[in-house]
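The values are calculated or read from the model by the stated rules, or taken from the named source; none is laboratory data. All values derive from a computational prediction rather than experimental measurement. In this analysis, Cβ positions are derived from the backbone assuming ideal geometry, glycine residues included, and neighbour counts consider all displayed protein chains. For the accessible areas, the whole protein counts, side chains as well, though only heavy atoms, and no ligand, DNA or RNA atoms are used. Shrake-Rupley method; radii C 1.70, N 1.55, O 1.52, S 1.80 Å.
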Amino acid sequence: MKIIYLSIFLLYFCATEAQDLSWLKQNESDSLYREDQFYLGFSFNFLTDLPENVEQSGFSGGLIFGFIRDMPINKRRNLSLGVGLGLNLNTFGQTLKISREVMQDRFSVLDPEVNYDTNRFTTNLVEIPLELRWRTSEVDKLSFWRVYLGVTFGYVISSKSVFRSQEESYEFRSIDGLNDFRTNLKLTFGYGAVNFFVDASLNPLFEDSQMEVTGEDVGIKPIKVGLVFFFL
């Protein structure tokens with residue numbers, strides 16, 4: 001819950017700062033303005049391509065923040081390319097049990113009869129977003145429509161699996177079989193301070209990993225839906 005409260009506080013702060021752009025009106029002669037340099041947002045993560053009998057359970061969410069270099073490509077400066085660097089923190093709740101035995105990770109379906117408190121895994125990524133950006137902005141226009149479409153390339157810098165029940169409790173880092181290289185297709189759209197995004201994974205979280213009993217590929221492709229705030 002702490003990360004949720006922190007996200008809400010940061011998003012409120014950034015939204016307030018994003019509206020305080022009166023200094024732009026004092027520089028109307030500067031035709032070299034840029035938009036949306038920094039971003040901060042949160043998402044709900046929906047899990048698709050799950051193994052048979054594995055279901056999403058509990059909270060799955062993410063926090064994103066970073067910097068994008070905005071590079072206008074037309075005279076009006078409402079069409080641009082963006083390239084940046086950011087962090088993406090995610091937690092996934094589901095009924096896939098990830099355990100470690102003799103330094104080897106095992107994947108199985110959590111027994112529905114087991115009463116557990118926590119079963120989740122987390123990933124922290126460094127990301128490079130590439131975007132084609134269209135907006136209705138002008139130097140003296142503080143609220144405008146925007147549509148950004150792009151691809152995000154990410155690398156998992158850390159991961160962790162956590163399981164807690166009355167019978168057993170463990171956690172470990174660096175999950176085996178996790179695909180460290182991530183590629184996502186992302187669409188962002190909105191007006192003013194309120195902007196939505198949909199982020200779909202193009203490759204599975206787990207490659208070359210099989211379920212312990214059935215031998216089925218673990219897979220899992222998250223689709224993230226959330227809010228993002230931009231500020232200069």
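Among the residues in region 45-68, are any assigned to a loop (DSSP other than H, G, I, E, B) and free of Cβ contacts under 8 Å to residues at least 24 places away in the same chain?
Within region 45-68, not a single residue is assigned to a loop (DSSP other than H, G, I, E, B) and free of Cβ contacts under 8 Å to residues at least 24 places away in the same chain.
Being out of contact with any Lys or Arg (no Cβ under 7 Å at 6 or more places or on another chain) and aliphatic (A, V, I, L, M) is the filter; apply it to region 157-187 and report the residue that is most open to solvent (accessible area, probe 1.4 Å).
157
Answer yes if at least one residue in region 140-154 is under 26 Å from residue 59 (Cα atoms), surrounded by 16 or more Cβ atoms within 10 Å (Cβ to Cβ), touching a Leu at 6+ places or on another chain (Cβ under 6 Å) and among the small types (Gly, Ala, Ser), and no otherwise.
Yes - at least one qualifying residue is present in region 140-154.
Output the number of the condition that residue 118 fails; it satisfies all remaining conditions of (1) crowded, with 16+ Cβ neighbours inside 10 Å; (2) within 25 Å of residue 209 (Cβ to Cβ); (3) touching a residue at least 40 places away in the same chain (Cβ under 8 Å).
The failed condition is (1).
Please go through (1) outside any strand (DSSP E or B); (2) more than 25 Å from residue 75 (Cα to Cα) for residue 185 and return the number of the only condition it doesn't satisfy.
(1)
Consider only pairs whose beta carbons are under 8 Å apart and that are at least six residues apart or on different chains; among these, list those whose first residue lies in region 202-215 and is of a type in the set (Gly, Ala, Ser) and whose second residue is part of a loop (DSSP other than H, G, I, E, B).
209/176; 209/177
Can you name the condition, by its number, that residue 141 falls short on among (1) modelled with pLDDT under 90; (2) among the basic types (Lys, Arg); (3) part of a strand (DSSP E or B)?
Only one criterion in (1) modelled with pLDDT under 90; (2) among the basic types (Lys, Arg); (3) part of a strand (DSSP E or B) is unmet by residue 141, namely (3).
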